[in-house]
Amino acid sequence: GAVVSQHPSWVICKSGTSVKIECRSLDFQATTMFWYRQFPKQSLMLMATSNEGSKATYEQGVEKDKFLINHASLTLSTLTVTSAHPEDSSFYICSATRLQGPTDTQYFGPGTRLTVL
Amino acid sequence: KQEVTQIPAALSVPEGENLVLNCSFTDSAIYNLQWFRQDPGKGLTSLLLIQSSQREQTSGRLNASLDKSSGRSTLYIAASQPGDSATYLCAVGYTNAGKSTFGDGTTLTVKP
């Protein structure tokens, strides 16, 4: 089956640094990927839609200058958390849609746990 | 805006019981609905995907149903086991590009 990977799986960084998270679709091409964030004991909230070859679309309340998204190829999207602060500590999950006509399926990555000290 | 609600928020049952988890959504114009399992500190494991044209899907001891007109989906787990203990999330896909709205989840504990 289709697989989506994320790297790194966890990261600890100091406040003020930037962290890059990669999302890759391993055996299919994805023109659209999504980034979600999950705070402890809460559900997943969509942050942004990553579009290959164009700018990302951010959900209301998500700072586009803080969460930089680049969809450089049909198999790779990156999320960079710039000048990270402790409140950015969260579980970040990406997903990619495999287009299969009427049975499009969204595949989720394993997630990246970010801890900002 | 699509809102997804899962009831109950938490459920504790003895091993062997059959149980039902509920998911309701406000906008019936959905593309698909997916049930996931999430273990503590882990990512998502897809359990069942129901397209909007389907009424149910089955996988092993799991059966998911979809009633778009009433805005409801249920996940039925037969003969529950301690290994089923996890948080179960439903996600409603409301475009064909894969955008989804998640419920808050039901945390299931199956006691041996």
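The values are calculated or read from the model by the stated rules, or taken from the named source; none is laboratory data. Here the structure is a predicted model, which is why all the values come from computation and not from measurement. With ideal geometry, Cβ positions are generated from the backbone for all residues, glycine too; neighbour counts draw on all protein chains shown. These accessible areas exclude ligands, DNA and RNA; they are computed on the full protein's heavy atoms, side chains included. Shrake-Rupley method; radii C 1.70, N 1.55, O 1.52, S 1.80 Å.
First obtain the Kirkwood hydrodynamic radius of the range B:53-112 from its Cα pairs, then insert it into the Stokes-Einstein equation at 37 °C and 0.692 mPa s, and state the resulting D in µm² per second as a whole number. Diffusion coefficient, whole number: 250 µm²/s. In terms of packing, defined here as the mean over residues of other Cβ atoms within 10 angstrom, the peptides A:63-73, B:70-80 line up highest first as B:70-80, A:63-73.
Taking all protein chains together and rolling a 1.4 Å probe, B:Leu108 ends up with roughly 0 Å² accessible.
Kirkwood radius and radius of gyration were both taken over the C-alpha atoms of the range A:1-51, and their ratio Rg/Rh is 1.00. Taking one quarter of the surface of the convex hull spanned by the alpha-carbon atoms of chain B gives a direction-averaged projected area of 6.6 nm².
Projected onto its three principal axes, the C-alpha set of the range A:37-80 covers 34, 20, 14 Å, listed from the longest axis down. Across chain A, C-alpha contacts under 8 Å between residues 6 or more apart give a mean separation that, scaled by the residue count, equals a relative contact order of 36 percent.
Distances between every pair of Cα atoms in chain A, grouped in 5 Å steps from 0 to the bin holding the largest one, split as 2, 13, 23, 25, 20, 11, 5, 1, 0, 0 percent.
What you get for chain B, charging only the Cβ of Lys and Arg (+1) and of Asp and Glu (-1), is a dipole of about 200 debye around the Cα centre. Could you please state, rounded to a whole Å, how far the C-alpha centre of the range A:1-57 is from the C-alpha centre of the range B:46-75? When both Cα centres are located, 27 Å separates them. Per residue, the range A:60-111 exposes an accessible area of 44 Å² to a 1.4 Å probe, with every protein chain left in place. Bridging of B:Lys42 to lysines at a Cα separation below 19 Å is possible for A:Lys41, once same-chain residues fewer than 8 apart are set aside. Straight-line reach from A:Lys64: which aspartates and glutamates fall under 20 Å, measuring Cα to Cα and dropping same-chain residues less than 8 apart? Within the straight-line limit of under 20 Å, A:Lys64 reaches these aspartates and glutamates: A:Glu22, A:Glu52, A:Glu87, A:Asp88. With an 8 Å Cα cut-off and a minimum separation of 6 or more residues, compute the relative contact order for the range B:1-103 in percent. About 34 percent, as a whole number.
Semi-axis lengths, largest first, of the ellipsoid equivalent to the protein assembly as shown are 30, 21, 15 Å, with √(5λ) applied to each eigenvalue of the Cα gyration tensor.
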